[in-house]
1. So SER92 clears everything in (1) over 22 Å from HIS560 (Cβ atoms); (2) open to solvent by 20 Å² or more (accessible area, probe 1.4 Å) except one condition, right? Which one?
2. Any residue at all in segment 98-118 that's part of a strand (DSSP E or B) and over 29 Å from the mean Cα position of the chain (by Cα)?
3. In segment 54-69, how many residues are under 15 Å from GLY90 (Cβ atoms), touching a residue at least 40 places away in the same chain (Cβ under 8 Å) and crowded, with 21+ Cβ neighbours inside 10 Å?
4. Being assigned to a helix (DSSP H, G or I) and either in contact with a Phe, Trp or Tyr (Cβ under 6 Å, 6 or more places away or on another chain) or among the basic types (Lys, Arg) (or both) is the filter here, so list the residues in segment 431-465 that pass it.
5. Within the group ALA612, ALA591, which residue is open to solvent by 10 Å² or more (accessible area, probe 1.4 Å) and either in contact (Cβ under 8 Å) with a residue 60 or more places away in the chain or within 26 Å of the chain's Cα centre (by Cα) (or both)?
6. Under 6 Å between Cβ atoms, at least 6 apart or on separate chains: pull out the pairs that start in segment 508-526 with a residue that is under 19 Å from GLU126 (Cβ atoms) and end on any residue that is small (Gly, Ala, Ser) and open to solvent by 10 Å² or more (accessible area, probe 1.4 Å).
7. Looking at the structure I just gave you, is GLU686 of a type in the set (D, E, K, R), touching a helix residue (DSSP H, G or I) at 6+ places or on another chain (Cβ under 8 Å), more than 30 Å from ARG237 (Cα to Cα) and free of Cβ contacts under 8 Å to residues at least 12 places away in the same chain?
8. List the pairs whose first member sits in segment 569-587 and is over 25 Å from GLU636 (Cβ atoms), whose second member is among the charged types (D, E, K, R) and not in a helix (DSSP H, G or I), and whose Cβ atoms are under 7 Å apart, counting only residues at least 6 apart or on separate chains?
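The values are calculated or read from the model by the stated rules, or taken from the named source; none is laboratory data. In this text the structure is predicted, and so the values were computed from the model without any measurement. Don't worry about glycine lacking a Cβ; one is built from the backbone with ideal geometry, like all the others, and counts go over all protein chains shown. Each accessible area value is taken on the protein alone, full model and side chains, heavy atoms only, with ligands, DNA and RNA left out. Shrake-Rupley method; radii C 1.70, N 1.55, O 1.52, S 1.80 Å.
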Amino acid sequence: MMDRLPGADPFPEALARRLTDAVRAKGDGYVPRTHHLDAQGRPRFTNRLILEKSPYLLQHAHNPVSWRPWGEEAFEEARRTGRPVFLSVGYSTCHWCHVMEGESFEDEEIARVLNERYVPIKVDREERPDVDGLYMTAVQLLTGSGGWPMSVWLTPDREPFFGGTYFPARDGDRGAGRGFLSILGEIADLYARDAGRVEAATRSLVEAIRGALAPQGPPASDTPGPEVLEAAFRGFRDAFDPVNGGLRRAPKFPSSLPVRFLLRYHRRARDPEALRMATLTLEKMAAGGLHDQVGGGFHRYSTDTAWLVPHFEKMLYDNALLAVAYAEAFQVTGRRDFARVVRQTLDYLGREMTSPEGALYSATDADSEGEEGRFFVWSAAELRERLGEEAERFMRFHGASERGNFEGRNILHVPAPDEDAWEALAPQRAILYAAREERPRPLRDEKILAGWNGLAISALAFGGRALGEERHVVAAARAAEFVLGRMVVEGRLRRAWLDGAAGVPAFLDDHAFVAQGLLDLYEATFDPRWLEAAVELSERLEALFGDPQGGGWFGTAADHERLLAREKPTHDGAEPSGASVALVNALRLSAFTTDDRWRLRAEGALRHYALAIGEHPASFTELLLAVDFALDAAREVVLVWPEGESAPEPFVSVLRRSFLPNRAIAGAPEGAVLERLGRVAPVAAEKVALNGRPTAYVCERGQCRLPAIAPEKLASQIAPVRPYR
């Protein structure tokens, strides 16, 4: 028999039975995430979240707080009781979410206040990015910053009137003036006695939210020109950290300095400083503690300026985006260390983040054994015990010492990078990896998100193509098959796959990221089904999210739940916005299909964003790639070879090695496959293998140069670069 939640009404009998049955269904091996246990080790408290599938919500299912999932039932309860809503938004691998849970949501005194005076709601931001985005805008307007856990106070009509992020539990905790318990009481008192003041605050904030998220004014008369890219570069150059790469600040996020834009700017402007900024940043990130030197992959961000001490969670989207950045840098420079980082990152994704069915999981936690980073750090004694006589050499190379650099232990890094020395120490890293596997592992969030899988498909397909390593391309195809086969229900892509079931309909970023992944997968395989699927999904994106009047795209479809505002995504953050990726996709599809609708959609979106990107170019890091693409003439490359043969490796190798960001690369053997390709990509129609030999056609806007029957000729035809001016 579970205990009654403190301060909460008893559950109706039928609901209580469902909650009890849900706990029993977890089985004997179930370890509830709570310190409120009875003598038999069973959870004393269980709330409605035990009925949910989200790993984040299930983490809170045994808090003494009477949490409810987001939905009309919760807001109806708020209207019935006249109470405000306390909304808490986070995600399963969020360290400070865990901290606030332990300090506040597991505290029975705080739970009593929440249960008696509020209707508490929990939301997984990764399942509901629309809810997260709306209320994060409110918090940013109120406080000037944001983050998770996000804490927002709402009226029963879903309108916010107060908010913040993490709050210490009590007055004076962690140096705070007012703690969460006091704030809860003060806001509940204010809500009860001064409805007019709350209503005024709510009205003002809602108006500000709608102004921030609503579509902008009329689109510009023209699309952005090279001056936008030049201004963006100057801004990044002025803020650049010449010692450690990235921007001069802490914490440091990999996405803050757009390496892929810098590579494109170097290509078109021939500015060596752009390339230096990009390569120094990639070097320093790869050498720092941000990079998991033993297991591959990257942690979330660095807490210091030198990329040494990370926040140890690992996110699928970070690793996917970084793999692409390093792969492009490898194409530009040919550097072994960049290729190695791509390979390690993709191997990490395949080894530790891939489901048995081929889809990719979302994230791993920063914490294990009750400590942040414990899984990843080493004492000097541990290193000596495991590595024996090789320990001293290893410790010198990886910056380890008796004193350590993180709470008495060592975050492995590389103070003086040397690729030969790195390779020589591979056996020692393998020993440490095996030893690390004996430790309790951080939690892995096995939620499968369509959009993040789209980014991973791009990373595996593009990275595998750049490296010439087929296993990564095969992994990309398996993930694509899962997304298209399991996560499309009645013709509609779904946001998440959880516990064997698809979730809510997908959002703009899901459609855009998956379509991008399919385009990259097509270029890596020349299998026309992936190009066909990309076109179909992009057409669906236009129907659901497009704004034919104002240009650009909404973040939610017209039939999604109606929130206070229908956002039109603008700024790029740790993840690119769905609008930025959709714009690049439209430009690529225009080149592949020669369908002028894609060009017009891209130009409409560029005009929509022109004023904002002109004022704040550094806020549109991914959109800058679209501007660069639009100011270029896309290279349309068609490779044709005799039927019955494989794709000609010498030609494929030229394309693999070449940094060709604004492109549409197609290929097929003569016969039925080429005919099929020609129907979706007319640029390939009627192309032939001259004299029975593999032949490459390099075209711009449908106008092709003389066919190339030698790889060297193909290389010379794709080499010229069109400068910005």
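1. The single condition SER92 does not satisfy is (2).
2. Within segment 98-118, none of the residues are part of a strand (DSSP E or B) and over 29 Å from the mean Cα position of the chain (by Cα).
3. 9
4. If the condition is that a residue be assigned to a helix (DSSP H, G or I) and either in contact with a Phe, Trp or Tyr (Cβ under 6 Å, 6 or more places away or on another chain) or among the basic types (Lys, Arg) (or both), then ARG436, GLY451, TRP452, GLY454, LEU455, ARG465 are the ones that fit.
5. One residue alone meets the criteria, ALA612.
6. Within 6 Å, the pairs are LEU508/GLY555.
7. Here the answer is yes, as GLU686 does meet what is asked.
8. What qualifies is ASP572/GLU622; SER577/GLU622.
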